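Laboratory data are not the source of any read-out in this text; all were calculated from the coordinates shown. Keep in mind the model is a prediction, meaning the values are calculated, not measured.
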Amino acid sequence: MELQYRLLAELESDFDRLIEAVEQLATAYANNPTPAWALGETTVDAQWLRRALTDFWYQDGQDGRETRNYIGLVVAGPAIMEAVQTVNLGKAQFAATLKRIRQSAPRLIPEVKAVLPFRHPVLHDHLRGQGLARLHLKQCWRQVPIADAPLSRIRLAWYTSGRSIKRMSVADAEARLKQMDLSASHIQIQLRKLADIPDGEPLAQIQQQAPVMRANLFFREALADGRMRRAMNLPLPLFIPDPALKLPHLNDPPIRPPATRTRARRSDQRLEDDVFLKSLRIYRYRNPALEIALDKQREQDAVDGSDDSEV
């Protein structure tokens, strides 16, 4: 119990320092504003920056896996870039302490989400009036993007067809279902469905990725390693170090992502169309025997490669 409260106290302290670092950055920008741009905004000032960097809260109906984006660019001199680095250090420390809590005292997480907002009454009173009183932890620790060097141009485009696919065994799926409410009828139905398929059948857990703004950065001069460009996602405003304080040339992306997929469905779709275990977002493969054969081939290739390296 003592460890739990010590970890909670550390996280509260980390949160305080993070809020302080964001306030210092916003104040520095207010005192010395530099050229900036934000998608869908006519004015980008310290108030917008503060709102973007302190939006740590769930909105009603928001999926816990999704985060809100604040897409923008800010060119800055050394003082503001140093303030951004301080914010990111605070976020990294918050994330590290949160990881320790998840590992050592996971039952504290709901308390964390409920208690931390009260540590900053001005923020809490404003958010409570909007129905935003629960902390979104990922929006706290996600890093502020920073360009490596001055940019000549940047190309922005929505990426809407991303998804992650994780292979899962029948035993793993069963174990995860049994961690849920076993008295619920829909969990029992899914356990029976799982019992009806072969133990060795591979399954696929799918998570659709929320639309992200993808940025291709083109550097004004080559980096030390020779690179002239870099790609990154922009969930938060990108800070660009530039002594000349000149915004790079950029295209004009749509304010909102496309409503439909930007890429055609693959003709070799390997998964069934209908979800198999809804609670886990798990699908069956159309041809399980082929997947098993492919797995064995990959394992054999790995062994052969290892043997070759020893010759």
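Evaluating 6.51 cos²θ - 1.76 cosθ + 1.60 at θ = phi - 60° for every residue in the range 233-241, the Karplus couplings come out as 7, 10, x, 10, x, 7, 9, 10, x Hz, glycine and proline recorded as x.
Bridgeable lysines around Lys178 (alpha carbons under 28 Å apart, same-chain partners fewer than 8 residues away excluded): Lys99, Lys113, Lys138, Lys166, Lys193, Lys278.
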